[in-house]
1. Under the condition of being under 23 Å from Y335 (Cα atoms) and either among the basic types (K, R) or not assigned by TED's automatic domain parsing to the domain that holds D302 (or both), which residue from the range 194-218 is surrounded by the most Cβ atoms within 10 Å (Cβ to Cβ)?
2. For the range 174-193, give me each residue that is surrounded by 18 or more Cβ atoms within 10 Å (Cβ to Cβ) and modelled with pLDDT of 85 or more.
3. Residues to consider are D158, D171, D113, D105; find the one that is part of a helix (DSSP H, G or I), at pLDDT 95 or above and closer than 28 Å to T306 by Cα.
4. So for the range 42-65 (the condition being assigned to a helix (DSSP H, G or I), more than 25 Å from L279 (Cβ to Cβ) and charged (D, E, K, R)), does at least one residue qualify?
5. Given S39, S130, which one is out of contact with any Pro (no Cβ under 8 Å at 6 or more places or on another chain) and surrounded by 20 or more Cβ atoms within 10 Å (Cβ to Cβ)?
6. Determine whether the range 287-308 contains at least one residue that is of a type in the set (A, V, I, L, M) and under 21 Å from K227 (Cα atoms).
7. What number of residues within the range 18-28 are exposed (fewer than 14 other Cβ atoms within 10 Å of the Cβ) and over 22 Å from D274 (Cα atoms)?
8. If we scan the range 48-58, do we find a residue that is among the acidic types (D, E), over 21 Å from the mean Cα position of the chain (by Cα), surrounded by fewer than 19 Cβ atoms within 10 Å (Cβ to Cβ) and under 19 Å from E238 (Cβ atoms)?
Amino acid sequence: MPKTTGVTFVSTEAEKMQFIQFPYDHYKSDTFWVAPLVSEQKKLLDTEKNPFFTEAEMALFLAEENGEVAGRIAAIIDYRFNEYHDTKTGFFGFFESRESQAVTDLLFRVASDWLREKGMNQLTGPANPSMMDEIGILVEGFEKYPYVMMPYHKAYYDSLIRNSGMEKAIDMFAFEVNQDGVNRERMNRAVQIVKKRMPELQIREVNLKDLKNELKIIHHIFNEAWKNNWGFIPLRWEEIEAFGKELKSVVDPRFAHVAEIDGEPVAFSIALPDYNQVLSKMNGKLFPFGIIKFLYYRRKIDRIRTALMGVLPKYRGKGIDALLHHKSIENGLIYGKYASELSWILETNKEMIRVAERIGATRTKTYRMYRKEL
């Protein structure tokens, strides 16, 4: 009997819960998928409460095959992105599908049609829902757990997406360094060279008691450091403030640093404890017993992820980024963090890739962004 496919525009809370629930069923037999908290997924998709949607809009779609949910996709317009880049780009996000080209084709067709009707002429993604959230499709590195705030996908997704008419826009890499593989001798030598060249350079911990001023530093450096990178739009102060509220509850200052020259901030690095090591035990639920698991397994986290880093353009190429990595890695040795991931790094960022390789990091995962003309 031939399979019948259809699509639903998500318009009710029950349909939104189907949209949220699909990955939990879809990946239930995948060892390395980490279930996000359902409550966090609800917040992410809440167009009334997520500050991203003050200047963006989104439509959600569910695909059915023989009466069962078989896939999902979001069509997203980020008006700030389009204003900044002077484009009419629509994004897709939250893509998941059975291994069915018919389902994938249908999902991309309805998302493309919705965006085209809104005046968009390009499709890029995935962004879930923004470029500051989880982005990309995993195309290499399926045999390892993802680090916190990094996605995991079925190995067949790249083929389905490309066969639906999308093409590669850019790849992003994740590098991992562990205490066994780190090239300490080379790293210490590089650190001494940098310190000799710039004796006025100091690395300090982020001061969580003065978070507002620290966020101002991060805000300024990030927007200056990233402004020429692919897909960048400047972070608004409101976004940094929201980030700061979450940061305060999860960041460990021993792995979050600011580099200063003569007391003037020139770079920063924020590494997060890998809470995926906790979430992997909780099946997406904080209650009733998830909170107990959370508190117990949080003490056993032995990995960190350098999620944000920025160096002011005039200070690039001087080894400051290597010093920031060195500080986190050395603190990791002291405080029981065995491994650290640097992610994500654009394939075009040759300087950062060299830094990762010099400290003994190995490329472990590749994520892909896609595009097509509408």
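The values are calculated or read from the model by the stated rules, or taken from the named source; none is laboratory data. Just so you know, these numbers come straight off a predicted model, no measurement behind them. For neighbour counting, all protein chains shown are included, and Cβ atoms are generated from backbone atoms with ideal geometry for every residue, glycine included.
1. The selected residue is R204.
2. Of everything in the range 174-193, those that are surrounded by 18 or more Cβ atoms within 10 Å (Cβ to Cβ) and modelled with pLDDT of 85 or more turn out to be A174, F175, E176, V177, N178.
3. Values: D171 fails: part of a helix (DSSP H, G or I); D113 fails: closer than 28 Å to T306 by Cα; D105 fails: closer than 28 Å to T306 by Cα.
Only one candidate qualifies: D158.
4. Here is the first cut: in the range 42-65, the ones assigned to a helix (DSSP H, G or I) are 42-44, 51-55.
If we keep only those that are more than 25 Å from L279 (Cβ to Cβ) as well, we get 54-55.
Subset that is charged (D, E, K, R): 55.
Yes, the range 42-65 contains at least one residue that is assigned to a helix (DSSP H, G or I), more than 25 Å from L279 (Cβ to Cβ) and charged (D, E, K, R).
5. Values: S39 fails: surrounded by 20 or more Cβ atoms within 10 Å (Cβ to Cβ).
None of the other options fit; the residue is S130.
6. Going residue by residue through the range 287-308, those that are of a type in the set (A, V, I, L, M) are 291-292, 295, 301, 304, 307-308.
Within this subset, residues satisfying the condition of being under 21 Å from K227 (Cα atoms) are 307-308.
Yes, the conditions are met somewhere in the range 287-308.
7. Our first condition is that a residue be exposed (fewer than 14 other Cβ atoms within 10 Å of the Cβ); within the range 18-28, this holds for 25, 28.
Add one more test, that the residue is over 22 Å from D274 (Cα atoms), and what stays is 25.
Total meeting the criteria: 1.
8. If we filter the range 48-58 for residues that are among the acidic types (D, E), which is where we start, we get 48, 55, 57.
Among the residues that remain, those that are also over 21 Å from the mean Cα position of the chain (by Cα) are: 48.
Next, from what is left, pick out any that are surrounded by fewer than 19 Cβ atoms within 10 Å (Cβ to Cβ): 48.
Then keep just the ones that are under 19 Å from E238 (Cβ atoms); that gives 48.
There is at least one residue in the range 48-58 that is among the acidic types (D, E), over 21 Å from the mean Cα position of the chain (by Cα), surrounded by fewer than 19 Cβ atoms within 10 Å (Cβ to Cβ) and under 19 Å from E238 (Cβ atoms).
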